[in-house]
1. Quick check on region 619-651: of everything there that is closer than 28 Å to residue 536 by Cα and in a loop (DSSP other than H, G, I, E, B), which residue is nearest to the chain's Cα centre (by Cα)?
2. From the list 466, 515, which residue is surrounded by fewer than 22 Cβ atoms within 10 Å (Cβ to Cβ), at pLDDT below 85 and outside any helix (DSSP H, G or I)?
3. Would it be correct to say that residue 635 is over 30 Å from residue 548 (Cα atoms) and either touching a strand residue (DSSP E or B) at 6+ places or on another chain (Cβ under 9 Å) or crowded, with 24+ Cβ neighbours inside 10 Å (or both)?
4. Report yes if some residue within region 539-546 is over 40 Å from the mean Cα position of the chain (by Cα), closer than 18 Å to residue 665 by Cα and either assigned by TED's automatic domain parsing to the domain that holds residue 434 or assigned to a helix (DSSP H, G or I) (or both); otherwise report no.
5. Given the criterion in contact (Cβ under 8 Å) with a residue 60 or more places away in the chain, in contact with a helix residue (DSSP H, G or I) (Cβ under 7 Å, 6 or more places away or on another chain) and outside the structural domain of residue 410 (by TED's automatic domain parsing), identify the matching residue among 325, 282.
6. Select from region 600-616 the residues that are touching a helix residue (DSSP H, G or I) at 6+ places or on another chain (Cβ under 6 Å), under 15 Å from residue 522 (Cα atoms) and in a helix (DSSP H, G or I) and list them in ascending order.
7. Please go through region 127-140 and give me each residue that is under 18 Å from residue 163 (Cα atoms) and touching a helix residue (DSSP H, G or I) at 6+ places or on another chain (Cβ under 6 Å), ordered by number.
8. Can you name every residue in region 206-235 that is surrounded by 17 or more Cβ atoms within 10 Å (Cβ to Cβ), in contact (Cβ under 8 Å) with a residue 60 or more places away in the chain and not in a loop (DSSP other than H, G, I, E, B)?
């Protein structure tokens, strides 16, 4: 919650604005005027962020339409390349630049010298008769000679042939130009650049790639310098000797190569076509394709840069018109809310949040435009998800369509594809909440939004001949937008709930988790009460769904409505499994106080656990202001008729909503049905009628918006479910009043709630 919302003055103002106006004109003006100020302020903000520009004499076209008239170039201009085209051409230009290698002409002599020293060392060791040293020399050169190859080395004639062949191959082949095979294989051109540095002179020339010798070629040619008929072992030994001493005469120059490629990139022209003055850009009746549209856009830019655009209307009028269009669209949304969602219109906090969410959308749109980013990043999923979770899908869809229409009027986004993507992404986000039951399932929304939007983008791309890479890039942006929007909507949901006072279905589902501390305690410390709540929740949820109320809210409310009983579970009949009733030893007033406290203590426990206020209402209202009948009558017998009735009455209030009223009825019906004798369908139905009638006669349903039709349908659901659940069981004296009560006096609130206090 914002710091402003914490301010009592701010809260007071919001509360005053949410109250229904009186009959005076001033109050009505204040009430409706504050609500009209919201779309006006939003329209002004949008117009300020996206002021309409002057009109032009260049008609705006869309791909696929037919040109209504000829467009002839009045000035010469160039058609710039798109970012994708420019990057493609620069990449091709860089790849066409040959790699540069530095030549080392004297490296052959160096290798030959090293080979001579190698063989001299072997000759010296053999002359001294030290064959072990010969082996060490070979090993130091990483030559693992076989026995036959060692014999070849020790033989003077064969060793001399090996020396001669290695020297000749080195001096004759390496100077031709030899490169590392790994470097040569990376060359993508037919030629390479070869630089030879001689003193201060640098000579650069091209050399065909086919003339470059690799080490594999070198070894294959070197064996030809051995005497004819040399065995394979001798050839392998020669290769091993050359491998241990080889150095390349062509060394890649990475710096020179990259410098040349960068120069090639920079030399690529930024434009792809030139249009001469008097040249036809498009002819009448010709279809507009992507290339033609690019020419038209480039022409408009050239005219604007040359200050040759003709103003069709004054700027002030354009701004006024744009602002009025935005305002009218917002007012349409407001009128729809006024007629179809009066509860939303009446709550100023809710309207303020809708305005703030819309403002966030347009501010983000402004940032996207200024940053030159893709319109696919417009955060419509964030707005749609937030509204759908807080209210419902229809409300979200309505806002999405209005925002999409306004987006289409803004010049930076005034094209069909952008509006289409905004509508589809927003609609997908709004409807995806139906498939998400918990915050951990946010990935489902992400998948639905990104899938639907990507499908539209690719379909639109195919229809307009858009390059596939551009469509794929836009789809990637949409997916990223879906991820960020879903995470933000989930993260800010608790703030929105706190600000609006709305408890969402996702929050309710989380509080329905049986591992919640209060529910776990209830199941362990008052198992009879917990079993009772499960049965009541089934009844209440079914009835709520039948009449169009919030079944999930009923279920969650029931789970917590009796949590106060777990502080003194033995004082409630459903937890008295051993036949002992502690009320037998207490005064009637004390017993009534204990029974009454399960409401107040339940509220206290719920607030300590930060249970949503909407759920706490079920604790307060499920008994209404009913009298704790049994102990009241007992006290009258003990103390006389002059009693303080407040001490024997639940604190209330009476049920204020359909949901709490249904829970009151389901609670009483289930408790009575559990103690029925011979629970036939007819008796179950009579019992339900009796219980509901007693609540009506007692005035407990006077403040709940339940109609007689609603109660009839609810009773049908109660009978349907109880008929399959209750079984024949013993009817105890303390529950006989539930089936045999005087219909004129009704059933006492304490007893028909299952909070029976009469000793067994």
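1. That would be 622.
2. 466
3. no
4. no
5. 282
6. 601, 602, 603, 605, 606
7. Selection gives 134, 137.
8. Within region 206-235, 225, 234 qualify.
The values are calculated or read from the model by the stated rules, or taken from the named source; none is laboratory data. Note that this is a predicted model, so its numbers are computed, not measured. Backbone-built Cβ (ideal geometry, glycine too); neighbour counts: all protein chains shown.
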